[in-house]
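Step one of this worksheet: look at the structure below.
The values are calculated or read from the model by the stated rules, or taken from the named source; none is laboratory data. Every value quoted in this text rests on a predicted model; they were computed, and no experiment measured them. Reconstructed Cβ throughout: ideal geometry from the backbone, glycine too, with neighbour counts over all protein chains shown. Heads up: the accessible areas ignore ligands, DNA and RNA and are worked out on the full protein's heavy atoms, side chains in. Shrake-Rupley method; radii C 1.70, N 1.55, O 1.52, S 1.80 Å.
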Amino acid sequence: MTLTHPDARSWARARSAAEEPRLGMLEAVAFQEHPDLVATFGSDGAAVAEILTRRTPSPAQRGSTAVLAVLAIIGVIAPVAGMAVLGAESYLIDRVPAATSVPVAAAAFTVGAVMLLVTGLLWLRSGARWSGLVCGIAVVSAIAAGFASASMPTVAARDGYRLDQVMLIPVWGALALGALLAVVVLLRFRVRSAEAAPESTRPVTITDRERAARAVAALPADQRSSIQHDRDTALQILRERGFLDDAALEQALAAPLGTLFTLDPIRRSTP
């Protein structure tokens, strides 16, 4: 796979003024054509290397993802429609009799419960990382099911419709699955994609620095020169944007290629 930014220069220009750019990430982006080397650049390099070594989805996989996205949308619409049909009454729409609304709502929540189960399994299979989309689907479904669990018996009693308890099972199922999925996804809030993963707290050692430097030294000279230019230009951009002072820039420019990640702990510890 490829990263969002094709080189370190564009990465440096894209940094938000509210963040503190990590030099290890900058150099990892500069070396993205060499994932095996990037993996030696500390925790940031390992995170970027994980992205770079992922296989690009095939057309069949992309098609499958598109189909699943459509199914996920249906999974959101279904419980909302089920809730709406139970209370549908306005100047434009006559009240839907319970004989119609209750079975329709039960069918809609059956679809919603199945889609919640499928969405949860796919989320687990994809790595169980934080996903606002999955969380949103779960929350909307749970809220709709919560309202429907109260309104379905009310609507049935209002119209004298004999409510079979079996029809409430998909509503309760959607409520339970939606609430459970929302909770477990929220618990994974700090687990993001690899590119956004927080850096490790493991101390950087001299061995880490030497291993990275040796790996970079094995590259052909012309490739090292091109990457060095990209890296140093990106550092200059960070200086121009106020992320680095003159001393930090000078220290970073003097660092051997592939070792910028060792400067991040020093920068954090400097007042």
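Quick notes
- Taking each residue as 0.36 nm, the span from Arg54 to Ser225 lengthens on full extension beyond its C-alpha to C-alpha distance by 58.9 nm.
- Rel. contact order, % - alpha carbon contacts under 8 angstrom, at least six apart, the chain: 27 percent
- Unit charges at the beta carbon, dipole of the chain: most positive-side option, Leu3, Gly82, Leu263: Gly82
- Simple spin-label estimate for Val183 and Ile169 in nanometres, 7 Å along Cα-Cβ: 2.3 nm
- Heavy atoms of Phe147 accessible to a 1.4 Å probe, total area in Å² rounded to 10: 130 Å²
- Over 30 Å [Cα-Cα, the chain], rounded percent: 50 percent
- Share of Cα-Cα pairs in segment 1-49 lying beyond 17 Å, as whole percent: 28 percent
- Dipole moment magnitude, nearest 20 debye, the chain about Cα centre, only Lys, Arg, Asp, Glu C-beta charged: 520 debye
- Taking the accessible area of the chain, probe 1.4 Å, and keeping the other protein chains in place, the carbon and sulfur fraction comes to 63%.
- Segment 127-194 - Kirkwood radius from inverse mean 1/r over Cα pairs (Å): 13.3 Å
- Given charges at Cβ of Lys, Arg, Asp, Glu: the chain dipole, positive-most of Ala248, Val118, Gly136: Val118
- With all protein chains kept in place, the per residue accessible area of segment 114-193 amounts to 56 square angstrom at a probe of 1.4 angstrom.
- For Ala254 and Ala88, the difference between the fully extended length at 0.36 nm per residue and the C-alpha to C-alpha distance is 52.8 nm.
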